[in-house]
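J.: Take a look at the following structure, please.
The values are calculated or read from the model by the stated rules, or taken from the named source; none is laboratory data. Keep in mind it's a predicted model, so treat the numbers as computed, not measured. Here the Cβ is made from the backbone with ideal geometry for all residues, glycine too, and neighbour counts use every protein chain on show. The accessibility values were calculated without ligands, DNA or RNA, using every heavy atom of the protein model including side chains. Shrake-Rupley method; radii C 1.70, N 1.55, O 1.52, S 1.80 Å.
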Amino acid sequence: MSFITDDFLLSTPAARRLYHEYAAAEPILDYHCHLPPRDIAENRMFANLYEIWLEGDHYKWRAMRANGVDESYCTGDAPPRDKFLAWARTVPCTLRNPLYHWTHLELKRYFGIDDLLDEKTAPRIWDEANALLATDDLRTQGILRSFGVVALCTTDDPTDTPWTSQGTGFPTNVFPAFRPDKALNVRNPEAFRAWIDRLEAAADTTIGNFSSFLDAIRKRHDHFHSLGARLSDHGINHCFAEPCSEAEAAAIFDQARDGRAASPEDHARYASFMMLFFGHLDAEKGWTKQLHLGAYRNASTRMLERAGSDIGFDSMGDWPQINALGAYLDRLSRENALPKMILYNVNPRDNYPLASMCGNFQIQFGSAWWFLDQKEGMELQINALSNCGLLSRFIGMLTDSRSFMSYPRHEYFRRVLCNLLGRDIENGELPSDYELVGGMVRNICYSNALNYLNLPIQNSSTAMRPSVLKSSPVAF
Amino acid sequence: MSFITDDFLLSTPAARRLYHEYAAAEPILDYHCHLPPRDIAENRMFANLYEIWLEGDHYKWRAMRANGVDESYCTGDAPPRDKFLAWARTVPCTLRNPLYHWTHLELKRYFGIDDLLDEKTAPRIWDEANALLATDDLRTQGILRSFGVVALCTTDDPTDTPWTSQGTGFPTNVFPAFRPDKALNVRNPEAFRAWIDRLEAAADTTIGNFSSFLDAIRKRHDHFHSLGARLSDHGINHCFAEPCSEAEAAAIFDQARDGRAASPEDHARYASFMMLFFGHLDAEKGWTKQLHLGAYRNASTRMLERAGSDIGFDSMGDWPQINALGAYLDRLSRENALPKMILYNVNPRDNYPLASMCGNFQIQFGSAWWFLDQKEGMELQINALSNCGLLSRFIGMLTDSRSFMSYPRHEYFRRVLCNLLGRDIENGELPSDYELVGGMVRNICYSNALNYLNLPIQNSSTAMRPSVLKSSPVAF
Amino acid sequence: MSFITDDFLLSTPAARRLYHEYAAAEPILDYHCHLPPRDIAENRMFANLYEIWLEGDHYKWRAMRANGVDESYCTGDAPPRDKFLAWARTVPCTLRNPLYHWTHLELKRYFGIDDLLDEKTAPRIWDEANALLATDDLRTQGILRSFGVVALCTTDDPTDTPWTSQGTGFPTNVFPAFRPDKALNVRNPEAFRAWIDRLEAAADTTIGNFSSFLDAIRKRHDHFHSLGARLSDHGINHCFAEPCSEAEAAAIFDQARDGRAASPEDHARYASFMMLFFGHLDAEKGWTKQLHLGAYRNASTRMLERAGSDIGFDSMGDWPQINALGAYLDRLSRENALPKMILYNVNPRDNYPLASMCGNFQIQFGSAWWFLDQKEGMELQINALSNCGLLSRFIGMLTDSRSFMSYPRHEYFRRVLCNLLGRDIENGELPSDYELVGGMVRNICYSNALNYLNLPIQNSSTAMRPSVLKSSPVAF
């Protein structure tokens, strides 16, 4: 019998009804991901399961390392099939980790595979999947179409050359998003200067001083806007809310550009200035600002030096968040420059304080992020939001993924959501009114994000519905 | 069918038995609320549902704002009925927020209304409820009698003229409680001086120096005691435990009175001195001190300036709590001046550390507060207390409310409590001994608070039992 | 009917199958406890239930104090039987506290007693239990044999004379563990100097300077290793990661030895140096280092002065943990000196950040500790580990106890684990593959710890199986 049944995660009749009748058919608006725009533009075909599934997947690498697998099978140079086999051997050891669910949900939805992945089933699954990857349906554009992805937003540095689907007639709308983290990098003068050089080139301007630096950033922000960008994003340990005049920020900027690293205190002041600047940029154009708060990154210096960032050596920080966040939001509010905003936290202890802070400024408490992107984490996020704010206004799920195999995460989220709501209906904690509760489900799945973000979506998006490739649990 | 059934929130037979046979009939001792004493003294009649239900309810305002409702319908000057309609339109959007449960429980218990409140049902509910509000049963004293409120404690500034029911023959005992937060206000000299002036008048004394300031506070504490007060209350971000002599505190006091705001460090030292002083006051008279820890208040400066405090722009702080709290309790203990005490936290991450700290000094871990005053929050509090201390000694629920419509919160708490205990019985985690478990339920509902707080309750309180107005689920 | 049934805590058929068929028969490897080695070596017989059950049990004392019991019945000099009666009167007030479960599980497994302990049943239980305590089965070695304890590790100061079972032919392997907390004690020169004197004697060396101090510690570490020790342990508020050269550490050491207490800053630097030193010691010999993080100890100075430490006046701290912990682990990793390691936290808010940090360095996130050693606490730990790492690699439970009556804690943990996994199987969140899930259960119960810790276990440990004394729920 299949592990991924039609009613996977749906433990009550009410949950099943909500999911199948209200959630499943909604399109996807994946407003934050890390897909490579080039792969979409070029309609990439994947040579094998390694390329589409393991390449760059730091979740899997962490699990493999915890299982004693050598680094050569993670970021190293083992052959693709051997890496896949090492992963397959690890899968049975991931019971209760979200990877176990993701793995089998992905095998099912992309390839119609029901087998549990392990050492024995691995060779056949490798062959079967690879054969299907050679078909159009599993090229990048085919995947997006099949999952009903109306729109997605990539994550781009201001110096990147972002790709937009605008004008291409491509059914999935693809927009860049603006992530200027490197603009804060005054503690690392070498990298900072190189980035300013790239910014000069991208903005086609000369950056002679701090003022022209800000102008160049604004120029890129304008350009992203012209390509349909409506979201920015910042990955920071915590907010910054130190007093800092433009002259002071300029002095710190000049020093860093001259090769002198900013002190932690100067970095905090400079970052405070810049984050206000970015807030104004977004507010002026009606964008939505995303803050990803609290990740503890590059914990292992050895592995950072050996293999770089974003390879699975990150975890949760425990910095205080609230005072600086509150001061930042208040300052923007006083300056009439508070954009729409989404707060994400990676440490679950910040769920409730952040959810309650959002209510002070009518901003969004974002979906469970990273290590929290799993059933318990989602339930904690949904409960905190429900109790401190209005779940019905929630803009819902995003993949945040680097992989085209991650689209079932939306399905996963919808099942978790419907399971919670269904249980509440069965318990008498919600009225047994399916139009009311089901309508909320539909809004959280798609419409709330559509209305909130105001992306310049083209084509008949509302007619677009998912038609999942294989073994789809519902007929649409 | 009614949404609020007899067995609302009671998911097992054991839970239903515990609630109906043990919890429901217990009287109420509402030892901490913010009801206006004048409304009780004058037996206020409410002109309409807006007056009794929306006026001053920052919970509802937050939800309305999150739903996009204009401020004129919250703290603004829209007509009462329009405000009610705006609220009614918001109610269906509060699914899973405690407001959804509170709303329908309150409509049911006060007015016998079973309809779900929304735009369509609003006009009829407005009319029906308003008609009933014109009856004696729904004047303030009628409400307190109907809900079996044996006693309640209001929250009063030392400079207020508190009202007590003592000597009135009024069936519900009303006592003031002593909340001297403004005595710490040395960072705001203008407000501080104004408060000292009011204190002089209230205490009928001249405050020439710090020593006479302390005397005046003590005089008010004595006066409150004579009116039956047995509880004090402090709303603070976190405890203070800096060394500070009386001479140092006096110097900071003098400066503030002279118009110079204390530095954060001086404020912390001054507050440390004063909190010890307050501890001694309470210990000497056998009072119970309440600490409400960790609220992040007035997050929006714009709204504070526009409409004042306590209007829904507060949330959860994330200050460290333990070191200063522990030092404060230890210092009082060493000085033989540790009063009975109740700790409340608003950030759920502090549940376990606070519950465990209480066990070091045999003080109370208080009911789930504010944003935590909902099913999940109550369960977290009850579980932390159960695991770190003795649930059986818990003094239970209070409304903490500004509204006479909040008395069903006690029922709500009792249902949540019985649901947890009933589930434990069904699971075999508690013995199926109803005298044992039911006796604990009764104690938590009423007797523990009665015995712990030692309020000078008059009249035959034990004969008093609730006789809820409408559609009461149990016959008493 | 018995409260402790065969299926206690096992709420689904799958849970029951996992527990009875996979978990129950696994031997015990109790790799961290505080049992007195002398009691094992001398095969102590206990005169009565007080001696084996109450003497030294700070959990019970805390509950008794919270119940209003006088200190003379806790740490004081009341007669043993009176102390037991005072405890018996408290037991019915501990409903929902883990003590309620532990108490009845222990009475059942050691004495076959099914009665609920209270004032009425106490006298008979006292007599029955005392009679059984006079038999060989309930002497210390009999207990260890009956519970299938293949090995246990005590907790020993470097200056202790540790006992090992090596060479004794004793069926339970007993090893010391190395806990050098007192080596950090530079803030208390008097105690520090006394400890150095004892260290000189134990290491049979002269400690003339810091270098010979380190040598003496290393000598003791070597000696512990020769006795079979493979674990060290540190009880610290939080990690230390300040820069500190050996010369600087030596200067702080010299000052303390000369009678001048180190400042908090110097203590932090000295502790940083020492913890690196200890890391190297463990890494060189393949030991496993345990960090017990975040306990707030000796909260009541009055009780500390009156009755000493470890008597129930400790609770949870809320120090930041992550930055210093991450820096400590990274530093050891860069120095090729990262030992195997187990992190324990006492504040549940640290579960997720610690579990995720472990994944950066492939170390263990340890079992729920102290106040968290209960059903909810275990579930939180297991869930955090499952979601952030590999539950299948978890080395599982330990008693951490000072009492020979605590061996049913392993059973308790196993029931909680199987209950979670069984629920997941019933919900379809885990595959209904009992060899797969049951195999993981077995590994967590015993084999993972056996393989991870690499203790020099003698005798045919794998043949050893528990044969619980009375009313065992399963036939082995």
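J.: Is there any pair linking a residue in the stretch C:70-81 that is within 13 Å of residue C:311 (Cβ to Cβ) to one that is of a type in the set (Val, Ile, Thr), with Cβ under 9 Å and at least six apart or on different chains, and which?
T.: Once the first residue is within 13 Å of residue C:311 (Cβ to Cβ) and sits in the stretch C:70-81, its partners that are of a type in the set (Val, Ile, Thr) give C:74/C:311; C:75/C:311.
J.: Just give me the residues in the stretch B:72-121 being outside any helix (DSSP H, G or I), more than 21 Å from residue B:411 (Cβ to Cβ) and either in contact with a His (Cβ under 7 Å, 6 or more places away or on another chain) or within 13 Å of another protein chain (Cβ to nearest Cβ) (or both), in sequence order.
T.: If the condition is that a residue be outside any helix (DSSP H, G or I), more than 21 Å from residue B:411 (Cβ to Cβ) and either in contact with a His (Cβ under 7 Å, 6 or more places away or on another chain) or within 13 Å of another protein chain (Cβ to nearest Cβ) (or both), then B:74, B:118, B:119, B:120, B:121 are the ones that fit.
J.: A follow-up question, please. Give the number of residues within the stretch C:276-323 that are touching a strand residue (DSSP E or B) at 6+ places or on another chain (Cβ under 7 Å) and charged (D, E, K, R).
T.: Pass one, the stretch C:276-323, residues touching a strand residue (DSSP E or B) at 6+ places or on another chain (Cβ under 7 Å): C:278-279, C:282, C:287-296, C:299, C:314-317, C:321-322.
With the extra rule that they be charged (D, E, K, R), the set shrinks to C:282, C:289, C:314.
Here the count works out to 3.
J.: Another question, if that's okay. Just give me the residues in the stretch B:180-196 being of a type in the set (Asp, Glu) and over 14 Å from residue B:259 (Cβ atoms), in sequence order.
T.: Correct list: B:181 only.
J.: Provide a single number: the residues in the stretch B:206-238 that are part of a helix (DSSP H, G or I) and within 26 Å of the chain's Cα centre (by Cα).
T.: 10
For every residue, the table says whether it meets (1) at pLDDT 95 or above; (2) surrounded by fewer than 21 Cβ atoms within 10 Å (Cβ to Cβ); (3) within 19 Å of residue C:45 (Cα to Cα).
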{"residue": "C:137", "(1), (2), (3)": "yes, yes, yes"}
{"residue": "C:149", "(1), (2), (3)": "yes, no, yes"}
{"residue": "C:157", "(1), (2), (3)": "yes, yes, no"}
{"residue": "C:171", "(1), (2), (3)": "no, yes, yes"}
{"residue": "C:178", "(1), (2), (3)": "yes, no, no"}
{"residue": "C:202", "(1), (2), (3)": "yes, yes, no"}
{"residue": "C:205", "(1), (2), (3)": "yes, yes, no"}
{"residue": "C:229", "(1), (2), (3)": "yes, no, no"}
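J.: Okay, moving on. Search the stretch A:43-63 for residues being in a helix (DSSP H, G or I) and aliphatic (A, V, I, L, M), and hand back the single one that is surrounded by the fewest Cβ atoms within 10 Å (Cβ to Cβ). Break it down stepwise before answering.
T.: Let us first name the residues in the stretch A:43-63 that are in a helix (DSSP H, G or I), namely A:49-54, A:58-63.
Remaining after also requiring aliphatic (A, V, I, L, M): A:49, A:52, A:54, A:63.
On the way: A:49: 28, A:52: 24, A:54: 21, A:63: 27.
Among those residues, the one meeting the criterion is A:54.
J.: Against the definition (open to solvent by 20 Å² or more (accessible area, probe 1.4 Å), part of a helix (DSSP H, G or I), acidic (Asp, Glu) and under 30 Å from residue B:316 (Cα atoms)), how does residue B:242 come out, yes or no?
T.: Values: open to solvent by 20 Å² or more (accessible area, probe 1.4 Å): yes; part of a helix (DSSP H, G or I): no; acidic (Asp, Glu): yes; under 30 Å from residue B:316 (Cα atoms): yes.
So residue B:242 does not fit the description; no.
J.: Determine, yes or no, whether residue B:330 is in contact (Cβ under 8 Å) with a residue 60 or more places away in the chain, of a type in the set (D, E, K, R) and in a helix (DSSP H, G or I).
T.: No, not satisfied.
J.: Could you check the stretch C:352-369 and list, in sequence order, the residues that are buried (at least 24 other Cβ atoms within 10 Å of the Cβ) and within 24 Å of residue C:96 (Cβ to Cβ)?
T.: C:367, C:368, listed by residue number.
J.: Take the residues of the stretch B:245-264 that are part of a helix (DSSP H, G or I) and acidic (Asp, Glu): which is farthest from residue B:155 (Cα to Cα)?
T.: Per the criteria, the residue is B:248.
J.: Before we move on, is residue C:298 free of Cβ contacts under 8 Å to residues at least 24 places away in the same chain and polar (S, T, N, Q)?
T.: yes
J.: Quick check on my filter: what residues within the stretch A:180-193 are of a type in the set (A, V, I, L, M) and surrounded by 17 or more Cβ atoms within 10 Å (Cβ to Cβ)? Quick ask: steps written out before the conclusion?
T.: We begin by selecting, within the stretch A:180-193, every residue of a type in the set (A, V, I, L, M); these are A:183-184, A:186, A:191.
Result: A:183, A:184, A:186.
J.: Keeping to the stretch A:424-438, report how many residues are in a helix (DSSP H, G or I), open to solvent by less than 10 Å² (accessible area, probe 1.4 Å) and at the interface with chain B (Cβ under 10 Å from one of its Cβ atoms).
T.: 2
J.: Find the residue count for the stretch C:285-309, including only residues that are over 15 Å from residue C:343 (Cβ atoms), of a type in the set (A, V, I, L, M) and open to solvent by less than 30 Å² (accessible area, probe 1.4 Å).
T.: Result for the stretch C:285-309: 2.
J.: Also, quick follow-up: Those residues that are farther than 19 Å from residue B:188 by Cβ, touching a helix residue (DSSP H, G or I) at 6+ places or on another chain (Cβ under 8 Å) and either of a type in the set (Gly, Ala, Ser) or outside any helix (DSSP H, G or I) (or both), I need them from the stretch B:265-286; list them, please.
T.: Passing the criteria: B:279, B:283.
J.: Out of A:421, A:385, A:390, A:372, report the one residue that is crowded, with 23+ Cβ neighbours inside 10 Å and in contact with a strand residue (DSSP E or B) (Cβ under 6 Å, 6 or more places away or on another chain).
T.: Checking each option against the conditions leaves just A:385.
J.: Considering C:222, C:282, which residue is open to solvent by less than 50 Å² (accessible area, probe 1.4 Å) and acidic (Asp, Glu)?
T.: Checking each option against the conditions leaves just C:282.
J.: Given the criteria within 13 Å of chain C (Cβ to nearest Cβ) and not hydrophobic (A, V, I, L, M, F, W, C), does residue B:366 qualify? Break it down into steps so the answer makes sense when it comes.
T.: Values: within 13 Å of chain C (Cβ to nearest Cβ): no; not hydrophobic (A, V, I, L, M, F, W, C): yes.
Taking the combined requirement at face value, the residue does not satisfy it.
J.: Now a separate question. Do we find that residue B:333 is more than 22 Å from the chain's Cα centre (by Cα), open to solvent by less than 20 Å² (accessible area, probe 1.4 Å), over 22 Å from residue C:374 (Cα atoms) and not charged (D, E, K, R) in this structure? Full working, then the answer.
T.: On the way: more than 22 Å from the chain's Cα centre (by Cα): yes; open to solvent by less than 20 Å² (accessible area, probe 1.4 Å): yes; over 22 Å from residue C:374 (Cα atoms): yes; not charged (D, E, K, R): yes.
Against the criterion (more than 22 Å from the chain's Cα centre (by Cα), open to solvent by less than 20 Å² (accessible area, probe 1.4 Å), over 22 Å from residue C:374 (Cα atoms) and not charged (D, E, K, R)), residue B:333 qualifies.
J.: Regarding the stretch B:197-205, can at least one residue be identified that is touching a residue at least 12 places away in the same chain (Cβ under 8 Å) and under 24 Å from the mean Cα position of the chain (by Cα)?
T.: Looking through the stretch B:197-205, none of the residues is touching a residue at least 12 places away in the same chain (Cβ under 8 Å) and under 24 Å from the mean Cα position of the chain (by Cα).
J.: Take the residues in the stretch A:393-407 that are in a helix (DSSP H, G or I) and open to solvent by less than 10 Å² (accessible area, probe 1.4 Å), then tell me which one is nearest to residue A:344 (Cα to Cα).
T.: Restricting to residues being in a helix (DSSP H, G or I) and open to solvent by less than 10 Å² (accessible area, probe 1.4 Å), the top hit is A:406.
J.: So which residues in the stretch A:6-42 are farther than 22 Å from residue A:439 by Cβ, open to solvent by 20 Å² or more (accessible area, probe 1.4 Å) and assigned to a helix (DSSP H, G or I), if there are any at all?
T.: Within the stretch A:6-42, A:37, A:38, A:39, A:41 meet the criteria.
J.: Oh, and also: Name the single residue, out of those in the stretch A:333-360 being in contact with a helix residue (DSSP H, G or I) (Cβ under 6 Å, 6 or more places away or on another chain) and in a loop (DSSP other than H, G, I, E, B), that is nearest to the other protein chains (Cβ to nearest Cβ).
T.: Per the stated criteria, the residue is A:347.
J.: Keeping to the stretch C:312-326, report how many residues are more than 9 Å from every other protein chain (Cβ to nearest Cβ) and open to solvent by 10 Å² or more (accessible area, probe 1.4 Å).
T.: Total meeting the criteria: 1.
J.: Considering (1) buried (at least 20 other Cβ atoms within 10 Å of the Cβ); (2) under 25 Å from residue C:369 (Cα atoms); (3) within 14 Å of another protein chain (Cβ to nearest Cβ), say which one residue C:3 fails and leave the rest.
T.: Unmet for residue C:3, out of (1) buried (at least 20 other Cβ atoms within 10 Å of the Cβ); (2) under 25 Å from residue C:369 (Cα atoms); (3) within 14 Å of another protein chain (Cβ to nearest Cβ): (2).
J.: Which pairs do you get when a residue that is within 7 Å of chain C (Cβ to nearest Cβ), found in the stretch B:383-397, comes within reach of a residue that is among the aromatic types (Phe, Trp, Tyr) and open to solvent by 10 Å² or more (accessible area, probe 1.4 Å), reach meaning Cβ atoms under 7 angstrom, with the pair 6+ apart or on two chains?
T.: These pairs meet every condition: B:387/C:371; B:388/B:352; B:388/C:371.
J.: Still on this model: Suppose we filter the stretch A:287-305 for residues that are farther than 15 Å from residue A:328 by Cα and either among the aromatic types (Phe, Trp, Tyr) or part of a strand (DSSP E or B) (or both); how many remain? Spell out how you get there, then give the answer.
T.: Restricting attention to the stretch A:287-305, the residues satisfying the condition of being farther than 15 Å from residue A:328 by Cα are A:287-288, A:294-305.
Next, from what is left, pick out any that are either among the aromatic types (Phe, Trp, Tyr) or part of a strand (DSSP E or B) (or both): A:287-288, A:295-296.
Summing the residues that are farther than 15 Å from residue A:328 by Cα and either among the aromatic types (Phe, Trp, Tyr) or part of a strand (DSSP E or B) (or both) in the stretch A:287-305 gives 4.
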